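Before anything else, here's the structure in question.
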Amino acid sequence: MTEMSEKTVAIHPIHHSAMALVWNGHTVLVDPHDGAERYAAYPTPELVLITDIHGDHMDPATLSGLDLSKAKIIAPKAVMDELPDDLKARCTALANGERGEHLGIGIEAIAMYNMPDPNDPRHPKGRGNGYVLTFGNERIYISGDTEDIPEMRALTNIDVAFVCMNLPYTMTVQQAASGVLAFHPKVVYPYHYRGKDGLSDVALFKKLVNEGDPKIDVQLADWYAK
C-alpha cells in the first residue's frame, strides 16, 4: 500500500490496470479484472470505474464475483452496452469531457486513444475513458489505454497520475515520460506496463522523467507480484 503525503487517499496497486483507492471510508475500484479473489482484502466497493471494453479493463466475471450491492459503476457507453443486465442497471455512462459526482468524489471522463494503425485502431477516440478524480483537494489522473495525446498533455493540477506504457497496445516508455513532463503531476505511477514482449522498462521511465523534472515523485510499484 502507498499513501499520498497528505494521508488523504490510500492507493493500492492490485494488478496490471486494476487498483483500489480508499478515501473518507469509501472504496473505489478501477478496472477490476482477473478474478474477484484479488479484491477480497478490500472493503466493499461503493464506486467502480471502468475505462474500456477489453478484458483487462472490463471483466464481467470478476465484476459478478464482487459484492457490488452498494456500488455505482461509471463507464463509457461502449462498456455499459456490453455489461450484463444486472450490472448495467448499476452503471452510469460518461462520455469524454462529461463530469459526475458520487460520494463527494468528482469524476471527469478524459479522452484516451491511440492509433497504431489508422486502418485498425486498437483504442479509437471516444470509445474509452481515462478519468480525473477529485477527492477533496486532491486530483488523481488514471490514463486508461492511451498515447500521450493532447488531452493528457493539457492536464493541470494533478497530484497523482497513473500512466500506461506497453507496446503494441498503448505507448512507449519515452512517449509516457514526454506526456508526464508536459503536465507535471506531483506523483506518477507507471502502471499497465506489460506488453507482448514482457514488462516495460519502468526504471528508464523514472530516469527520463526525473532528468526532465526532478521534483516529480516517480513511484515504482509492483503491479505483477501475483
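Quick one: which of Lys88/Lys125; Lys125/Lys226; Lys206/Lys226; Lys196/Lys226; Lys88/Lys206 span more than 29 angstrom between C-alpha atoms? Provide the component values of the computation, followed by the final result.
Details: Lys88/Lys125 23 Å; Lys125/Lys226 32 Å; Lys206/Lys226 23 Å; Lys196/Lys226 18 Å; Lys88/Lys206 39 Å.
Too far apart for the 29 Å limit: Lys125/Lys226; Lys88/Lys206.
Something else: Quick check for me: using +1 on Lys/Arg Cβ and -1 on Asp/Glu Cβ, what's the dipole size of the chain about its Cα centre, in debye to the nearest 20?
Details: 20 positive and 31 negative charges, 54 e Å.
For this selection, approximately 260 debye.
What FRET efficiency do you get for Arg99 and Lys77 if R0 is 22 Å and r is their Cβ-Cβ distance, rounded to the nearest 0.05? Working shown, then result.
Values: r = 15 Å, r/R0 = 0.70.
E between Arg99 and Lys77, to the nearest 0.05, is 0.90.
Answer with one residue from Ile50, Val188, Asn129: the one whose Cα lies farthest towards the positive end of the charge dipole of the chain, charges on Cβ with Lys, Arg +1 and Asp, Glu -1.
The listed residue farthest towards the positive side: Val188.
Just going by the charge dipole of the range 2-218, with Lys and Arg at +1 and Asp and Glu at -1 on Cβ, which of Ile74, Pro32, Phe205 is farthest out on the positive end?
Phe205
If each residue of separation counts as 0.36 nm, what is the full-extension length gain between Arg122 and Ser64 once their alpha-carbon separation is subtracted? List each step's numbers first, then the result.
Numbers: separation 58, 0.36 × 58 = 20.88 nm, distance 2.61 nm.
18.3 nm is the gain from fully extending Arg122 to Ser64.
Taking neighbour Cβ counts within 10 Å as the exposure measure, how do Arg38, Arg99 sort from fewest upward?
On the way: Arg38 18, Arg99 11.
Least to most surrounded, the residues fall as Arg99, Arg38.
Working from the alpha-carbon coordinates of the range 121-173, get Rg over Rh, Rh being the Kirkwood radius. Display every interim value, and only then the final one.
Details: Rg = 11.7 Å, Rh = 11.9 Å.
My calculation of the ratio gives 0.98.
Using alpha-carbon pairs under 8 Å, 6+ residues apart, how would you state the relative contact order of the range 2-218 in percent?
12
Divide by every residue of the chain the summed helix terms, -39500 (n - 2.57) for each DSSP H run of at least 4, and state the resulting mean residue ellipticity at 222 nm, rounded to the nearest 500 deg cm²/dmol.
Details: 6 runs with 42 residues, N = 226.
Calculated from helices alone, the mean residue ellipticity at 222 nm is -4500 deg cm²/dmol.
Then there is this: At 7 Å along Cα-to-Cβ for each site, give me the label-to-label distance between Gln174 and Glu211 in nm.
According to this spin-label approximation, the distance is 1.0 nm.
Quote the relative contact order of the range 18-97 in percent (integer), defining contacts as alpha-carbon pairs under 8 Å separated by 6+ residues. Before the final figure, lay out the partial values.
On the way: 145 pairs, mean separation 20.2, N = 80.
Worked out over the range 18-97, it gives 25 percent.
Still on this model: Based on a Kirkwood Rh over C-alpha pairs, give the Stokes-Einstein translational diffusion coefficient of the chain at 10 °C and viscosity 1.306 mPa s in µm²/s. Please list the in-between numbers first.
On the way: Rh = 17.3 Å.
For these conditions, the coefficient is 92 µm²/s.
In the chain, what % of DSSP beta bridges are antiparallel (nearest 5)? Let's see the in-between values first.
Numbers: 32 of 51 bridges.
Beta bridges within the chain, antiparallel portion: roughly 65 percent.
Any read-out appearing in this document is the output of simple, stated calculations on the displayed coordinates, not a laboratory observation. A quick note: this is a predicted structure, and the numbers were derived from the prediction, not measured. All Cβ positions, glycine included, derive from the backbone under ideal geometry; neighbour counts span all protein chains shown.
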